[in-house]
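Only one structure is covered here, and it is reproduced in the block below.
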Amino acid sequence: MPMDNDEMRALYHRWLPGLWNSAPDAMPAIAAEIFAPDAVGHWGGSQDPVGPKAIAAKVQETFTMFDNVSVTLLTQPIVDGNWIAARWEFAGRYIGGVPGVGAAAGTRVRYPGMDLFRVADNRLAEYWPHGADLLLMRQLDALG
C-alpha cells in the first residue's frame with residue numbers, strides 16, 4: 001500500500017533532521033531503515049553511492065571535514081506522488097587539513113540547499129541533493 005503524504009513527510013524527517021543530526025556511528029542503522037537496499041545517491045561526480053551503507057558513509061565524510069554540524073530544515077517536506085522535496089541549511093566548523101582549502105581550521109560555514117527524493121516501496125530509492133556549493137567554496141577560500 002502506498003504511503004500517504006504524512007507518512008512520506010515522516011520518512012523524510014528520519015533523514016533530516018534524523019540521520020543528519022545523529023552521531024556518525026548511528027547513521028548506518030538509520031540509513032538501513034529508511035533507504036531501499038539499492039537506493040542511489042546522485043551527488044554527482046564519478047561514483048554515486050548505492051545502498052544505505054554507502055549513502056551513510058557519504059554523509060559521514062562530512063564529519064571528517066566539519067564539526068559542530070547542524071542541518072536545519074527550512075521548509076517542511078513537499079510531497080507529490082512518490083516525490084519528496086525540502087529545503088535545508090547546513091552549518092558547521094571547518095576542522096582543517098583538506099588540500100586546496102585556504103580557510104583556517106575553526107572557520108564557520110553556513111549554506112542552504114535542497115533535497116529531492118523518489119520513494120519506492122515505502123523507502124527512499126533515489127536522492128538528488130543540491131547545495132549552494134559555490135557559497136561553501138567561497139567560505140572555505142577554495143576557489144583559488
- Note on the structure: Scanning the range 4-26 residue by residue, the ones that are polar (S, T, N, Q) and under 16 Å from Ala85 (Cβ atoms) total 1
- Is there a residue being modelled with pLDDT under 95, over 30 Å from Pro2 (Cβ atoms), among the charged types (D, E, K, R) and open to solvent by 30 Å² or more (accessible area, probe 1.4 Å) anywhere in the range 120-140? yes
- Query: Hey, any hits in the range 28-40 for a residue that's in contact with a helix residue (DSSP H, G or I) (Cβ under 8 Å, 6 or more places away or on another chain), closer than 25 Å to Met137 by Cα and surrounded by 13 or more Cβ atoms within 10 Å (Cβ to Cβ)?
  - Reply: no
- Qualifying positions in the range 2-46 - modelled with pLDDT under 95 and within 12 Å of Arg123 (Cα to Cα): Pro2, Met3
- In the range 103-129, the residues that are in a loop (DSSP other than H, G, I, E, B), under 14 Å from Asp67 (Cα atoms) and in contact (Cβ under 8 Å) with a residue 24 or more places away in the chain: Thr107
- In the list Asp133, Asp80, which residue meets the criterion of being among the charged types (D, E, K, R) and closer than 16 Å to Phe66 by Cβ? Asp133
- Message: Ala54 - would you say it is part of a helix (DSSP H, G or I), open to solvent by 30 Å² or more (accessible area, probe 1.4 Å) and over 18 Å from Asp115 (Cα atoms)?
- Response: no
- Note on the structure: Out of (1) open to solvent by 40 Å² or more (accessible area, probe 1.4 Å); (2) in a helix (DSSP H, G or I); (3) under 21 Å from Gln139 (Cβ atoms), the one Gly45 does not meet is (2)
- Message: Test of understanding: among Phe63, Phe35, which residue is touching a residue at least 12 places away in the same chain (Cβ under 8 Å) and touching a Lys or Arg at 6+ places or on another chain (Cβ under 9 Å)?
- Response: Phe35
- Report yes if Met3 is part of a loop (DSSP other than H, G, I, E, B) and out of contact with any helix residue (DSSP H, G or I) (no Cβ under 6 Å at 6 or more places or on another chain), otherwise no. yes
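Checking the structure you have, find out if any residue of the range 94-102 is farther than 20 Å from Ala31 by Cβ, hydroxyl-bearing (Ser, Thr, Tyr), open to solvent by less than 60 Å² (accessible area, probe 1.4 Å) and without any contact (Cβ under 8 Å) to a residue 40 or more places away in the chain.
No, there is no match, as no residue in the range 94-102 is farther than 20 Å from Ala31 by Cβ, hydroxyl-bearing (Ser, Thr, Tyr), open to solvent by less than 60 Å² (accessible area, probe 1.4 Å) and without any contact (Cβ under 8 Å) to a residue 40 or more places away in the chain.
Quick one: would you say Gly96 is at positive phi and either modelled with pLDDT under 95 or part of a loop (DSSP other than H, G, I, E, B) (or both)?
Numbers: at positive phi: yes; either modelled with pLDDT under 95 or part of a loop (DSSP other than H, G, I, E, B) (or both): yes.
Answer is yes for this residue.
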- Query: Checking Val71 against (1) in contact (Cβ under 8 Å) with a residue 60 or more places away in the chain; (2) buried (at least 16 other Cβ atoms within 10 Å of the Cβ); (3) in a strand (DSSP E or B), which test does it fail?
  - Reply: (1)
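The values are calculated or read from the model by the stated rules, or taken from the named source; none is laboratory data. What you see is a predicted model; the values in this text were computed from it and never measured. A quick note on method: Cβ atoms are made from the backbone with ideal geometry, for glycine too, and the neighbour counts reach across all protein chains shown. Ligands, DNA and RNA are excluded from the accessible area calculation, which covers all protein heavy atoms including side chains. Shrake-Rupley method; radii C 1.70, N 1.55, O 1.52, S 1.80 Å.
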